[in-house]
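Input: a single structure, listed below in structure tokens.
The values are calculated or read from the model by the stated rules, or taken from the named source; none is laboratory data. Since the structure is predicted, the reported quantities are computational estimates derived from the model, not experimental observations. All Cβ positions, even for glycine, are placed from backbone atoms using ideal geometry, and neighbour counts span all protein chains on display. Calculation scope for accessible area: heavy atoms of the full protein, side chains included, ligands and nucleic acids excluded. Shrake-Rupley method; radii C 1.70, N 1.55, O 1.52, S 1.80 Å.
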Amino acid sequence: MLAIDGPSGAGKSTLAAETVEALGTRAALVSTDAFATWDDPVAWWPRLEDGVLAPLAQGRPGEYRRMDWTSGAPRPGELVRVEVPEVLVLEGVSSGRRAVRSRLSRLCWIEGGTEAERLSRAVARDGEAARAELRRWQLFERGWFAVDGTREAADQLV
């Protein structure tokens with residue numbers, strides 16, 4: 001299991017997609033974006049643990065409901081099935097959290113430039129209407145990473 005973690009707008013999704021593409025059918029990708037919301041940035045973890053990580057560890061497929069943002073407000077969306085892969089790539093803010101580190105083969109931290117640069121990329125990705133929420137998210141994740149010690153625990157810094 002590989003976790004690709006770092007702040008919003010750093011390039012985690014891009015690196016994760018490239019990694020999964022390079023590994024082909026041997027890999028599966030699960031993004032924390034499928035779970036997190038503005039109001040619940042990290043407390044959703046038990047859903048990932050119970051629905052995906054525990055079943056995969058037992059050699060069984062996992063599943064989860066991806067957050068659907070099409071209405072503008074998050075709500076449970078499509079059911080995503082995760083077959084048992086050789087390599088599970090967890091990607092997103094908090095994917096390398098302390099609760100999962102002992103089970104990770106590798107934790108990659110992506111720095112992604114300054115906070116202002118990352119905010120610009122995130123706004124370009126999510127739209128100008130999301131700027132205030134993205135800024136609030138940046139403030140949250142700064143505190144989260146400091147308490148969780150994610151960057152310091154990483155095997156690789158990019």
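For region 16-36, the criterion of being out of contact with any strand residue (DSSP E or B) (no Cβ under 9 Å at 6 or more places or on another chain), closer than 27 Å to ALA124 by Cα and not in a strand (DSSP E or B) is met by at least one residue. Looking at GLU133, GLU152, GLU117, just one residue is open to solvent by 30 Å² or more (accessible area, probe 1.4 Å), among the acidic types (Asp, Glu) and either touching a Phe, Trp or Tyr at 6+ places or on another chain (Cβ under 7 Å) or under 17 Å from THR19 (Cβ atoms) (or both), and that residue is GLU133. Residues that are modelled with pLDDT of 95 or more and exposed (fewer than 14 other Cβ atoms within 10 Å of the Cβ) were ranked within region 120-130; the one that is farthest from ARG98 (Cα to Cα) is GLU128. Exactly one residue out of ARG65, ARG103 is open to solvent by 70 Å² or more (accessible area, probe 1.4 Å), in contact (Cβ under 8 Å) with a residue 12 or more places away in the chain and touching a strand residue (DSSP E or B) at 6+ places or on another chain (Cβ under 6 Å): that is ARG65. Among residues of region 43-60 that are assigned to a helix (DSSP H, G or I), those with a Cβ under 6 angstrom from a residue that is surrounded by fewer than 17 Cβ atoms within 10 Å (Cβ to Cβ) and of a type in the set (A, V, I, L, M, F, W, C), sequence gap 6+ or separate chain, pair up as LEU56/VAL84. Within region 88-99, is even one residue surrounded by 15 or more Cβ atoms within 10 Å (Cβ to Cβ) and either touching a Lys or Arg at 6+ places or on another chain (Cβ under 7 Å) or free of Cβ contacts under 8 Å to residues at least 24 places away in the same chain (or both)? Yes, region 88-99 contains a residue that is surrounded by 15 or more Cβ atoms within 10 Å (Cβ to Cβ) and either touching a Lys or Arg at 6+ places or on another chain (Cβ under 7 Å) or free of Cβ contacts under 8 Å to residues at least 24 places away in the same chain (or both).
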